[in-house]
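First comes the structure, then the notes that go with it.
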Amino acid sequence: MESLKLAWRNLFRHRMRTCITVLGVSLSLALVQTYHNFTAGVYAYMVDCGVKAGSGHIAVYRPQYLADRNPDLAFAPAPEDEDIARIPGVRAVLPRFYLPALAQSSRENRNIQLVGADVPREAGLNPYLRKLPREVLERPMRKRDAFVGAGLARELGLQQGSRFVITVQNGHGELVSELFHLRGIIESGIRDVDTSLVMAMREQVSAMAGAGNATHELAIILDNADMAASVFPAVRQRLLSSPEGLEAVSWEQAMPNLYNAIRWDYVSVKFLSFIVLAIVTIGVVNTLLMSVMERMREFGLTLALGASPGRVRLLVMTEGLLMGVVSMLAGSCIGSLATAYLVHAGFDLRPFIPENLEFGGVLFSALLYAKWDIPWMMEVAAYILLLCLGASLYPGIRASRAMPVETLRHI
Amino acid sequence: MTLIELNNITKRYMSGNQSVTAIAGLDLAVRTGEFVVLAGPSGSGKTSVLNLIGGLDRPSSGTMTVAGCQTDMATDRELADFRLNMVGFIFQSYNLIPVLTAAENAEFVLQLQGIPAPIRHARVTELFAELGMEGLQNRRPGDLSGGQQQRVAIIRAIASEPALVLADEATANLDSKSSTDLLEMMRYLNETKGTTFVFSSHDPLVIEQARRVVTLHDGRMVSDTGSRA
Ligand SMILES: Nc1ncnc2c1ncn2[C@@H]1O[C@H](COP(=O)(O)OP(=O)(O)OP(=O)(O)O)[C@@H](O)[C@H]1O
Ligand SMILES: [Mg+2]
């Protein structure tokens, strides 16, 4: 209690210096917290975009399909799919059929990636379809309606309503061609997608492939990514009885590009945070050491009067601790305010970069929002406290080694 | 009863790579209740002797016992305990901790000794009154005159009722009125409470007041008026 009071008064001796240091520590903490929350929000958003355009938070395949992408590895949608859709936390189950194909117009032909999907189910979720006008999506799908990537449509000279031919090789090695209508143009902004994607009704595509009513993938979209931990085992459970031995795969495995991009990005965030915290530590050491060096006589006097070196050390460390507590509280307040702002208003990068950003093969908007990560904020705050305490260790030792005979001589 | 006993004490300091002999074979005995002044010119070794007696430093050779503690043999820890419990110190200046009030400074040693706050307050309040310092308890050292600061230092030194009080040039920074007052105060405490005082000075006015004067020169005792107690 006494040393708390003494420490507090000592910090107030150089009010300006203490305030500047505390402000520096607080702002650094706020920066690290806010930056983390912002990137957490961005990653969550990227995962969300990624999983909706890609294979869902959890995807179901036949064994080996992910490795080979062999069109023969299809399976028939089964009643289990509906079971999966009823697992709490599952928002949608989207069956898809993938087939390499050739598209021909009167002008050109191109290799394409033909995706058979349940378009009405995808409509509200798939970011590729999101930009299409409502009337295009709401009109009931006809069997031979297709959505075509913008670049591909341009190259083939296709417009809304144009007809074109899609040719595929069926399971027996025969070529099968069918006529399709261009119903809508997909502008994803991702070059690969825009120049090669054609999305049509799944039953139609799988029938062309001679697979009947089949699917390669069940993309399971969750209400939010954090539910994967509970949904994943439930999905597995329901797949146990499937005759094809279907496997559930997390998005991290199904979309390694996105996963790795996020992981590497997160490493850089951590590294930056580490540097900020290291600089903070140096600042605190500097302030405390300066204040200790100015007070060597006082420490000499204290020791002369019979205080133990441990007590002197404790005093200096209490000063560090107090600075840590104040910085922790102030910094967390600032960090929370900044996060709250970024959660609600978001951070608009659009003036600086093109409207859409590509990251790990996923496209997302440049208006980005933060996401609360309170346990982590508390962890960094606690870390700041430890840093301040750690930073006071050496100054404390210096103070406790004051030599009374030396410091009290020549005054 | 002999309180302080120095036998053939020498103290050498290393100054650069040169050895300086501050005390050269000093024998000194002081009994409980004495009021001794160490006199002598600057550099004669007064501070060195007081530092040794107070357990702030150890002799280079010789043996010594102070208040039952053989301080030449003691460890750092033992010396710290010895200082805390046996000795009251008054230094020439910079005696007080600036962020503490006069009363808190005066209580500082008691606090280190772990005396409960109410007892500390009571004892220090009484001493403030006894030494004519009422009303100054809550001032910070910066708001006290030099003489008042030294009185606070005296209160701190005697509050724990140590076996002896050491004062190194405690009056050197004071005007003659304040020095006389301070000295009278020490005399008064010596007479009423029987506290042993050993202090150093080269002020003739101060030396005149002492019952026993030990004069040093170049680290040797050149005269000792002897114990008149
Ligand atoms: N820490 C030290 N390192 C080197 N030399 C020292 C040290 N302390 C004292 N001395 C030397 O020892 C001698 C005695 O010094 P001391 O301070 O004891 O004298 P003093 O009588 O107290 O002098 P003053 O009246 O100036 O205070 C001096 O020559 C001084 O320079
Ligand atoms: Mg001296």
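The values are calculated or read from the model by the stated rules, or taken from the named source; none is laboratory data. These numbers were taken from a predicted model, which means no experiment stands behind them. Here the Cβ positions follow ideal geometry from the backbone for every residue, glycine too, while neighbour counts run over all protein chains shown. These area figures cover heavy atoms from the full protein model, side chains too; ligands, DNA and RNA do not enter into them. Shrake-Rupley method; radii C 1.70, N 1.55, O 1.52, S 1.80 Å.
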Could you tell me what percent of the accessible area of segment A:58-253 is made up of carbon and sulfur, with a 1.4 Å probe and every protein chain present? 48 percent
Taking Cα pairs closer than 8 Å and at least 6 residues apart, the relative contact order of chain A in percent is 27 percent
From the cross-link list B:LYS46/B:LYS193; A:LYS52/A:LYS131; B:LYS11/B:LYS193, the entries with a Cα-Cα span beyond 22 Å are B:LYS46/B:LYS193; B:LYS11/B:LYS193
Pull up all non-local amide H partners of B:GLY25: gap of 5 or more, or a different chain, and H-to-H distance under 5 Å with H placed in the peptide plane. B:ILE9, B:THR10, B:LYS11
Hey, can you list the DSSP H helices of chain A whose Cα span along the axis is 15 Å or longer and whose average Kyte-Doolittle score is at least 1.6? A:374-391
Take every residue in peptide A:295-304, count the Cβ atoms of other chains within 10 Å of its Cβ, and give the average of those counts. 4
Spatial separation of Cα centroids for segment B:120-197 and segment A:162-205, in angstrom: 100 Å
Among the DSSP beta bridges whose two residues both lie in the protein assembly as shown, what percent are antiparallel, rounded to the nearest 5? 70 percent
For chain A, inverting the pair-averaged 1/r of distinct alpha-carbon atoms gives a Kirkwood value in Å of 25.5 Å
May I ask for the angle, rounded to the nearest 10°, between helix B:176-193 and the longest principal axis of chain B, with both axes built from Cα atoms and the value confined to 0 to 90°? 90 degrees
Where the centre of each part is set by its Cα atoms, how far does segment A:12-46 sit from segment A:239-293, in angstrom? 18 Å
Accessible solvent surface per residue of segment A:58-253, calculated while the other protein chains remain in place, 1.4 angstrom probe, Å²: 48 Å²
Could you give the nm distance between label points at B:ALA129 and A:THR167, where each point is 7 Å from its Cα heading toward the beta carbon? 11.5 nm
Once the Cα atoms of helix B:76-86 and of chain B are each reduced to a long axis, what angle between those two axes, in degrees from 0 to 90 to the nearest 10, is obtained? 60 degrees
Counting only other chains, what is the mean number of Cβ atoms within 10 angstrom of the Cβ of each residue in peptide A:149-162? 0
DSSP bridge orientation in chain B - percent antiparallel, rounded to nearest 5: 55 percent
Taking every other residue with Cβ under 11 Å from the Cβ of A:VAL292 and scoring Lys and Arg +1, Asp and Glu -1, one gets +1
Between the alpha carbon centres of segment A:124-151 and segment A:67-96 the gap in Å comes to 21 Å
Span per principal axis, largest first, for the Cα atoms of segment A:1-122 (Å): 83, 44, 29
Modelled FRET efficiency - R0 35 Å, A:ARG409 with A:LYS5, Cβ distances, 0.05 increments: 0.70
P(r) tail for chain B, what percent of Cα pairs lie past 26 Å? 35 percent
Just to be sure I understand the model, the point goes 7 Å from the Cα along the line to the Cβ. What's the resulting A:ASP265 to A:VAL325 distance in nm? 4.0 nm
Where a Cα-Cα gap under 14 Å defines reach, which aspartates and glutamates qualify for A:LYS143, not counting those fewer than 8 residues away within the same chain? A:ASP118, A:GLU178, A:GLU203
Could you give each residue of segment B:201-213 its phi-based ³J(HN,Hα) in whole Hz, using Karplus coefficients 6.51, -1.76, 1.60 with θ = phi - 60°, and x for Gly or Pro? 6, 10, 8, x, 4, 6, 4, 4, 6, 7, 6, 10, 10
Residue-span extension gain [A:ARG15 to A:LEU179] - 0.36 nm each, minus C-alpha spacing: 51.0 nm
For a quick size check, give me the Cα extents of segment A:58-253 along its three principal axes, largest first, whole Å. 50, 39, 28
7 Å from Cα along Cα→Cβ at both A:ARG350 and A:GLU252: what's the point-to-point distance in nm? 3.4 nm
Residues in segment B:34-72 that a label on B:ASN8 would reach, taking backbone N under 13 Å of a point 7 Å out along Cα→Cβ: B:61-64
Pop out a list of residues from segment B:87-108 that are at least 30 Å² less accessible with all the protein chains around than in their chain alone; 1.4 Å probe, no ligands or nucleic acids counted. B:PHE91, B:SER93, B:TYR94, B:ILE97, B:VAL99, B:GLU104, B:PHE108
On protein heavy atoms with a 1.4 Å probe, the accessible surface that disappears when B meets A, both sides summed and given to 100 Å², is 2100 Å²
For segment B:116-168, which GluC sites (Glu not before Pro) are in a loop by DSSP, counting at most 11 other Cβ atoms within 10 Å? B:GLU134
